[in-house]
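The values are calculated or read from the model by the stated rules, or taken from the named source; none is laboratory data. Just so it is clear, the structure is predicted and the values come from calculations on it, not from any experiment. Note: ideal-geometry Cβ built from the backbone for every residue, glycine included; neighbour counts use all protein chains shown.
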Amino acid sequence: MSNSWDEYADGWDSNQDVILYAENAFKSLTQYAELNGLRVLDFGCGTGLLTEKIAKQAAEVIAIDTSAKMIDVLNAKSLTNVKTLCCELSEHEIKNSPLLTEGFDLIVASSVCAFVPNYQQLLTLFKCLLKQNGTFVQWDWQHNEQDNFGFTPEMITQGYKNANLLIESVTNAFSLTSNNSTMQVLMGIARNN
C-alpha cells in the first residue's frame, strides 16, 4: 500500500516530539481508564509508540495503519499481544477481517483523526467496532486558525453526537512546544451506549 507516511517511518521512533506526544497521551489515558484485560484497537498506530505502552497492560491490541513501513517498524518490535493490520478502515474491512469482527473495549486514535478525510464516517465505523459500553479516546491538535487544521471542542462534540456516541468529555489534555510555538492537544472521550 503506497502511503506518504512511509517516508517518516525510519526516524519516527527517534523524533522527540512524537515520543513526548505518545507519553502524554498514554499518561492521560491511564488517568482515565484501567487497561488490564481490555481488547484495544489502536487506530493510526504508526510505529506503535502508544501501542507499546498500552500492550504492557491490555489483554490484546490490534494496531491498524495505512502505512506499510510504519507497520513494519511496529512488527519488528515483536510485541506478543499485538496484531497489526495495514489497511484503510472501512465497512468491508470490518466485516471481512477476523481481527476486527470481535469488537473492542477501547479504541484509541492518537493524532490521526484530523488527517482522515471523513471524520464523521470514521466515528460511525468506530461505533460499529465498540462493544456495548466500549470507549473511544482521541487526541488531536486543537484547531489552529493559521493552518486551518485540527479540531475545536465543538467539532469533536458534534461528531460524537452525530455518531450516537455518549460524550464523556472533551478537554485540553496537554500541550507541546516546538520551534518556539506551543500547540494544545485535545482529548475526546466517548462511550458506545
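Residue pairs whose Cβ atoms lie under 6 Å apart, separated by 6 or more positions or on different chains, with the first residue in the stretch 9-28 and more than 19 Å from residue 108 (Cα to Cα) and at pLDDT below 90 and the second in a helix (DSSP H, G or I) and of a type outside the set (A, V, I, L, M, F, W, C), are 9/69. Of all the residues in the stretch 50-61, those that are in contact (Cβ under 8 Å) with a residue 12 or more places away in the chain and surrounded by fewer than 24 Cβ atoms within 10 Å (Cβ to Cβ) number 7.
Rundown of residues vs (1) out of contact with any strand residue (DSSP E or B) (no Cβ under 9 Å at 6 or more places or on another chain); (2) surrounded by 20 or more Cβ atoms within 10 Å (Cβ to Cβ); (3) closer than 20 Å to residue 65 by Cβ; (4) not small (Gly, Ala, Ser), yes/no style:
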residue: 6; (1), (2), (3), (4): yes, no, yes, yes
residue: 14; (1), (2), (3), (4): yes, no, yes, no
residue: 32; (1), (2), (3), (4): no, no, no, yes
residue: 36; (1), (2), (3), (4): yes, no, no, yes
residue: 39; (1), (2), (3), (4): no, no, yes, yes
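Is at least one residue of the stretch 78-95 of a type outside the set (Phe, Trp, Tyr), assigned to a helix (DSSP H, G or I) and under 26 Å from residue 176 (Cβ atoms)? Checking the stretch 78-95: not a single residue is of a type outside the set (Phe, Trp, Tyr), assigned to a helix (DSSP H, G or I) and under 26 Å from residue 176 (Cβ atoms). All of (1) of a type in the set (S, T, N, Q); (2) part of a helix (DSSP H, G or I); (3) closer than 16 Å to residue 32 by Cβ hold for residue 120 with one exception: (3).
Figure legend. Inter-residue proximity from the stretch 96-112: first residues assigned to a loop (DSSP other than H, G, I, E, B), second residues hydroxyl-bearing (Ser, Thr, Tyr), beta-carbon distance below 7 Å, spacing 6+ or different chains. Indicated pairs: 111/21.
Taking the condition part of a strand (DSSP E or B), touching a Phe, Trp or Tyr at 6+ places or on another chain (Cβ under 8 Å) and of a type outside the set (Asp, Glu), does residue 62 pass? Judged against the criteria, residue 62 is a match. Counting residues in the stretch 70-78 that are at pLDDT 95 or above, over 21 Å from residue 18 (Cβ atoms), surrounded by fewer than 20 Cβ atoms within 10 Å (Cβ to Cβ) and not small (Gly, Ala, Ser) gives zero. Of all residues in the stretch 1-32 being under 17 Å from the mean Cα position of the chain (by Cα) and acidic (Asp, Glu), which is nearest to residue 75 (Cα to Cα)? The selected residue is 13.
Do the conditions hold for residue 31, that is, is it polar (S, T, N, Q) and assigned to a helix (DSSP H, G or I)? In short, yes.
The single condition among (1) at pLDDT below 95; (2) of a type in the set (A, V, I, L, M, F, W, C); (3) within 16 Å of residue 135 (Cα to Cα) that residue 58 does not meet is (1).
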